[in-house]
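Data block below; observations after.
The values are calculated or read from the model by the stated rules, or taken from the named source; none is laboratory data. Keep in mind that this is a model prediction, so the values were computed, not measured. When we count neighbours, we look across all protein chains shown, and the Cβ atoms used for this are built from the backbone with ideal geometry, even at glycine.
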Amino acid sequence: MKLDDLVNKYYSDLNLNDLYIWRYILGHKKTCENMSISELAEHCNVSKTSILRFTQKISLNGFSELKFYLKMENNDEDTINQDLIKTICNDYCNAIQYAENQNYQKACQMIYSANHVFAYGTGGVQQHAIQILKRFFFKLNKSINIVYGSNEMDYLVNNLTSDDLVIVFSVQASQQSDVEFVQKCKEKNAKILSLTLFLDNPIARISDENLYYLCSHRDFSIHGKHFSPTSMFYITVEILFLQYAIYLESIQ
């Protein structure tokens, strides 16, 4: 049984801290194979005890066994097969449950109360998701202005007020310029709502409110081409829209 399978099997026993540790391991399997428990704890910003608890929750005897699993899996070449598809489907089920149980109340209040709502995506998938968000919210008479490129980003920063809301869609916030843009918006006292992957994302830390989407399975390749599942990003956008519709009903 692989680590993916163990996490899926004991998923209901894992808390947010455990899921963060797991996401970090997934993104750095090769590196984690050679880390000490102290090094892994430092990279995850948790205690060594938290690492040990995580390993025990997924039925491992300790950190040494975790490293053994990592070494074995790192030696296996990713292949597309029915087992991998089953793993991804199980991950989607877990991620949908997580999205369903998130608290959207503050996010809905921020959107409703904002004088102007602006949205920015840090990558191609995120920008496409924002276009969908804009179309959805138009049905509820809420206008969302999409920000494209550095010129529009600079113009927005210079004209933001404390009554405005900036929605930011980001996976890992790998570009420092994106983080700086959000920081400048924050300095203008605008509210920041972010949607990010569940990991240590600097944009999430800056935000007034953050919605996470969970994607616990690893990236893999198909015929030498990189593939990273993106469905949960769009599902979380749809759930936010539906939660906002419910919020409007509750205040009328």
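A quick yes/no check of all residues on (1) in contact (Cβ under 8 Å) with a residue 60 or more places away in the chain; (2) in a loop (DSSP other than H, G, I, E, B):
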site	(1), (2)
60	no, yes
86	no, no
92	yes, no
100	yes, no
110	yes, no
128	no, no
154	no, no
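Residue under question is residue 12, and the condition is that it be under 20 Å from the mean Cα position of the chain (by Cα) and without any contact (Cβ under 8 Å) to a residue 12 or more places away in the chain; does it hold?
Spelling it out, residue 12 is indeed under 20 Å from the mean Cα position of the chain (by Cα) and without any contact (Cβ under 8 Å) to a residue 12 or more places away in the chain.
If you check residue 150 against the conditions, is it loosely packed, with under 11 Cβ neighbours inside 10 Å and part of a helix (DSSP H, G or I)? First the steps, then the outcome.
Details: loosely packed, with under 11 Cβ neighbours inside 10 Å: yes; part of a helix (DSSP H, G or I): yes.
Against the criterion (loosely packed, with under 11 Cβ neighbours inside 10 Å and part of a helix (DSSP H, G or I)), residue 150 qualifies.
Kindly indicate the residue of the range 24-71 that is acidic (Asp, Glu) and over 19 Å from residue 10 (Cβ atoms) and also modelled with the lowest pLDDT among those meeting that condition.
Among residues in the range 24-71 that are acidic (Asp, Glu) and over 19 Å from residue 10 (Cβ atoms), the one modelled with the lowest pLDDT is 33.
Do we find that residue 139 is loosely packed, with under 12 Cβ neighbours inside 10 Å, farther than 29 Å from residue 7 by Cβ and not polar (S, T, N, Q) in this structure?
yes
I'd like to know if the range 69-84 contains one or more residues that are in a helix (DSSP H, G or I) and crowded, with 18+ Cβ neighbours inside 10 Å.
Yes, that holds for at least one residue.
Could you list all residues from the range 15-34 that are more than 16 Å from the chain's Cα centre (by Cα) and crowded, with 18+ Cβ neighbours inside 10 Å?
Those that are more than 16 Å from the chain's Cα centre (by Cα) and crowded, with 18+ Cβ neighbours inside 10 Å: 32, 33.
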